[in-house]
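Here is the structure we will look at, set down as structure tokens.
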Amino acid sequence: MNHFCTISTVSHLYKTYALAESLRNQNRDFVLHVLVTDGTEELKAENCRFWKTADINFGPTAASILGKYKNTPDKLRWSLKPVLLRFLLNAYADKVIYVDNDQFFYNDYQFLFDLLNQHSILLTPHYYKHHPGKDQNWLEANFKVGLYNAGFVAAAKAAIPTMQWWAECCEYRCEKNAFRGLFDDQKYLDLVPVIDKGAHILRHQGCNVAGWNTELCERKLINGEVLINGEYPVVFVHYNAFTIRTIAEGLDDLLVPFYNTYTNTLKKYKPELNTNELLSAVPVLEKIKYYIWKQATQLGF
């Protein structure tokens, strides 16, 4: 059996149920472990096992995280990713894949678990643009925001020490601070290939498809199938607000059928959903631009 995990609040469980359905459409032999950081009701859903923070023996690092970020829900969820992965690897599975609950799968994912037979950790690059002569905000974003996207991290038992290290990093600071070289839980991942010799950078560009990688991961329609750079089928798409806005503004037309499948699935679990709700967050690029500007002005550049 394959083991996935994610972290959610009660208000966003409809996304988690859609994620589970997308996994089930590929292979029914899996469990999605869901850590719910608020709410007290008992939850049930097909292929899902629900956890509360009180249910899991997280250890002293997690206890510190729970205390430090109890009043900042986003930081709490982000910082608990390595804690949840470490817990599941210790107690339930030899391999676990963490995905944000706004991911959605469209193709077979078994090769990801197979790669964990040879590697301790799998990371997906953002594939931000990196041209020094134009769109330099994207070039700088690689260094400000991080090389890898923390919406997907796959780990085997050999990665337990690295998960503990990552958790301790989040315990230290989970914040956006360019002067310190920090970006929440995510920027720490830049060091993982350095400190963990078993880490692997996933080069399958059909994984973690998103609005920020439209240029380096070009979508092409070949014989009726959308392939990334003419080679990779779309395995899963990361539907954060920036990806959704890119599609809505007609800048990623080949992902429209994928997006329609996603929103139709969401509405099964939240019939009253207004798709405009999915656009409510500030787009990632605008956050990046503002953050770089703010740090530069504060430092007098």
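The values are calculated or read from the model by the stated rules, or taken from the named source; none is laboratory data. None of the values given here were measured: they were computed from a predicted structure. When we count neighbours, we look across all protein chains shown, and the Cβ atoms used for this are built from the backbone with ideal geometry, even at glycine. These accessible areas exclude ligands, DNA and RNA; they are computed on the full protein's heavy atoms, side chains included. Shrake-Rupley method; radii C 1.70, N 1.55, O 1.52, S 1.80 Å.
Return the tail of the calculated pair distribution for the stretch 95-151, meaning the percent of Cα-Cα pairs more than 18 Å apart.
Cα-Cα pairs in the stretch 95-151 separated by more than 18 Å: 49 percent.
Could you rank the peptides 169-176, 145-152, 263-270 by their average count of other C-beta atoms within 10 Å per residue, with the highest value first?
145-152, 169-176, 263-270
Quick check of the Kirkwood formula: for the stretch 1-154, what is the inverse mean of 1/r over all pairs of different Cα atoms, in Å?
Evaluated on the stretch 1-154, it is 16.8 Å.
Along the charge dipole of the stretch 162-232, Cβ charges K/R +1 and D/E -1, which of ALA210, GLY230, GLN186 sits furthest on the positive end?
Result: GLY230, furthest along the dipole toward the positive end.
Distance cut-off 18 Å, Cα to Cα: go down the list LYS15/LYS268; LYS44/LYS268; LYS15/LYS68; LYS134/LYS176 and report the pairs above it.
In this structure, LYS15/LYS68; LYS134/LYS176 exceed 18 Å between Cα atoms.
What is the log10 of I(q)/I(0) for the stretch 215-277, computed with the Debye formula using one identical point scatterer on each Cα and no solvent, at q = 0.28 Å⁻¹?
Relative scattering, expressed as log10 I(q)/I(0), comes to -1.33.
May I ask for the net charge around ARG49, where only other residues with Cβ less than 13 Å from the Cβ of ARG49 are counted and Lys, Arg are +1 while Asp, Glu are -1?
-1
For the stretch 125-173, what is the Kirkwood hydrodynamic radius in Å, using each pair of distinct C-alpha atoms?
12.8
If you project the alpha carbons of the chain onto the principal axes, what extent comes out on each, in Å, largest first?
50, 49, 42
Tell me, what ³J(HN,Hα) does each residue in the stretch 265-270 have, in order and in whole Hz, if you take phi through Karplus 6.51 cos²θ - 1.76 cosθ + 1.60 with θ = phi - 60° and put x for Gly and Pro?
Couplings: 5, 4, 5, 5, 9, 8 Hz.
Solvent-accessible area per residue for the chain at a 1.4 Å probe radius, Å²?
About 45 Å² of surface per residue is accessible.
Please go through the stretch 20-74 and write out the GluC sites (Glu not before Pro) that DSSP classes as loop and that have at most 16 other C-beta atoms within 10 Å.
Filter output for the stretch 20-74: GLU41, GLU42, GLU46.
For the stretch 101-188, report the translational diffusion coefficient in µm²/s to the nearest whole number, using Stokes-Einstein at 25 °C, 0.890 mPa s, and a Kirkwood Rh over Cα pairs.
In µm²/s, the coefficient rounds to 165.
Starting from the Cα-Cα distance between ALA248 and MET1, subtract it from 0.36 nm times their residue separation and give me the gain in nm to one decimal.
This chain segment gains 85.2 nm when fully extended.
In a shell of Cβ-Cβ distance under 13 Å around LYS129, excluding LYS129 itself, what net charge do Lys and Arg (+1) and Asp and Glu (-1) give?
-3
Using only Cα atoms, figure out Rg for the stretch 149-267 and give it as a multiple of 2.2 N^0.38 Å.
1.25
Could you give the dipole magnitude of the chain about its Cα centre, charging the beta-carbon of Lys and Arg +1 and that of Asp and Glu -1, in debye to the nearest 20?
So the magnitude is around 560 debye.
Rounded to the nearest Å, what's the spacing between the alpha carbon centres of the stretch 136-173 and the stretch 50-80? Just the number, please.
What the calculation gives is 17 Å, centre to centre.
So how strong a dipole does the stretch 65-162 carry about its Cα centre when Lys and Arg Cβ are +1 and Asp and Glu Cβ are -1, to the nearest 20 debye?
Computed about the Cα centre, the dipole is about 440 debye.
In a shell of Cβ-Cβ distance under 15 Å around GLU231, excluding GLU231 itself, what net charge do Lys and Arg (+1) and Asp and Glu (-1) give?
+1
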